[in-house]
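Data first, discussion second: the structure below is written as structure tokens.
Values quoted throughout were computed directly from the atomic coordinates according to the rules given, and no laboratory measurement underlies them. As the structure is a prediction and not an experimental result, all values here were calculated from the model. FYI the Cβ positions are ideal-geometry reconstructions off the backbone, even for glycines, and counts take in every protein chain you see.
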Ligand SMILES: NC(=O)C1=CN([C@@H]2O[C@H](COP(=O)(O)OP(=O)(O)OC[C@H]3O[C@@H](n4cnc5c(N)ncnc54)[C@H](OP(=O)(O)O)[C@@H]3O)[C@@H](O)[C@H]2O)C=CC1
Ligand SMILES: CC(=O)[C@@H](O)[C@H](O)COP(=O)(O)O
Ligand SMILES: [Mn+2]
């Protein structure tokens, strides 16, 4: 039976103009009887956010930069829109924690999404987590906020959604049943290239993912395998695993989205076409399932599923994840900050593709978090800023 209009979930979509944001709105549009949009947010794309506001008529729209917000306000006023436009980074936390919000889609890219995620978690929301950098930076503090706020944390990242779909609903049973998990990795656009030939690859080549259409930052991360490194760290927190319980295998078709290997050696996998609307729909509707709009998997069209070793010499970036997890608390935040800076420099053609790994490795080895820095969001953001400065110096040296 469908929900009555009074029971519709009110959803804030943080990062609504991005790849996950747009896919989320696509899923929401298929279920007007279940969901309504409470608030939207974006960073730079005023016209896209204005169009979304006119279609969805949210109560609030947020643009952190005042000038962009003023431009959005002007456009919406001209169109007679009732949407209230807010600015400032604190407004993101406001629309994440607002008492009238039921669910928050965290689809901002990067550590900028940490504070609104923590706000949603502390306010006990249903938190749909695509923004993997937030949990990589937040770590224990993030999980404490979820627990203390009584939030429901639902993974959106395809691999973590797959693991979640292979596990029972009651998280207290997970530790007893999981031997380890296997995250699948496509290998990215350079899987078959000689690693020594990657110095001159361009941003255009790096963002051309073989299977998924995604934002530019995560696409570069897939090409360096840092995406999988972030996902190893994300899995450690989401599923309460030890680093050695998380393994990675290359699966170039991206049909198996990840696997759980149980104590009895039974292997559970989740399969489907590579379409983010599936994990988004699952996170929105859990424990139910609703139409996502994705194409059904045709086994005969994709009859061969293959696997390869995630070789350390070929994919050195991946292995920084286990190094960071075993190092001092806060090291994962350092690794993330370095990577965000290095990817931005690469996309701006200030850094060679193969130097992204050098910046990440050196930052992790040279910058040591101080005791207590991870105990508060202020401490974590200070550590994040320190790691960015360190990485920027390395980038300047490498590009001199
Ligand atoms: N795309 C995908 O299929 C997948 C993405 N993810 C994760 O989801 C997150 C979003 O990825 P994706 O949608 O690809 O990214 P996009 O770059 O496509 O979108 C990012 C969104 O965040 C906004 N934004 C960017 N920077 C800031 C900032 N500093 N403060 C506030 N808002 C900001 C952007 O606004 P604007 O566009 O206006 O600049 C945009 O709405 C990432 O963490 C990614 O790793 C995980 C699995 C799959
Ligand atoms: C869709 C999604 O979840 C991405 O994280 C995707 O998995 C990237 O693919 P690879 O990092 O495996 O190339
Ligand atoms: Mn993923």
Volume per residue (Å³) of the convex hull spanned by the alpha carbons of the range 5-155 is 95
Note on the range 268-363: contact order normalised by length, alpha-carbon pairs under 8 Å, 6 or more apart, percent, works out to 18
Counted neighbours (other Cβ, 10 Å), sorted fewest up, put 239, 142 in the order 239, 142
With the chain reduced to its Cα atoms and the Debye formula applied, log10 I(q)/I(0) at q = 0.07, 0.10, 0.11, 0.14 1/Å amounts to -0.31, -0.65, -0.79, -1.32
Distribution output for the range 214-261: share of Cα-Cα pairs per 10 Å bin in percent, first bin at 0, values 22, 53, 24, 0
Exposure-ranked with fewest Cβ neighbours within 10 Å first, 16, 331 stand as 331, 16
Diffusion coefficient in µm²/s returned for the range 67-120 by Stokes-Einstein, Kirkwood Rh over C-alpha pairs, 25 °C and 0.890 mPa s, is 198
Length-normalised contact order of the range 5-155, Cα under 8 Å, at least 6 apart, in percent, tallies to 21
Expressed as a percent, the portion of alpha-carbon pairs in the range 14-65 spaced more than 19 Å apart is 16
Per-residue Cβ contact counts at 10 Å, fewest first, order 26, 221, 87, 194 as 194, 26, 87, 221
Of 361-369, 180-188, 260-268, 284-292, ordering from highest average Cβ density within 10 Å down gives 180-188, 361-369, 284-292, 260-268
At R0 = 41 Å the Cβ-Cβ FRET efficiency linking residue 90 and residue 205, nearest 0.05, sits at 0.60
Cα-Cα pairs in the range 178-315 separated by more than 17 Å, as a whole percent of all pairs, come to 66
Per-residue ellipticity at 222 nm attributable to helices in the chain (runs of n ≥ 4 DSSP H, -39500 (n - 2.57) apiece, nearest 500 deg cm²/dmol) works out to -13500 deg cm²/dmol
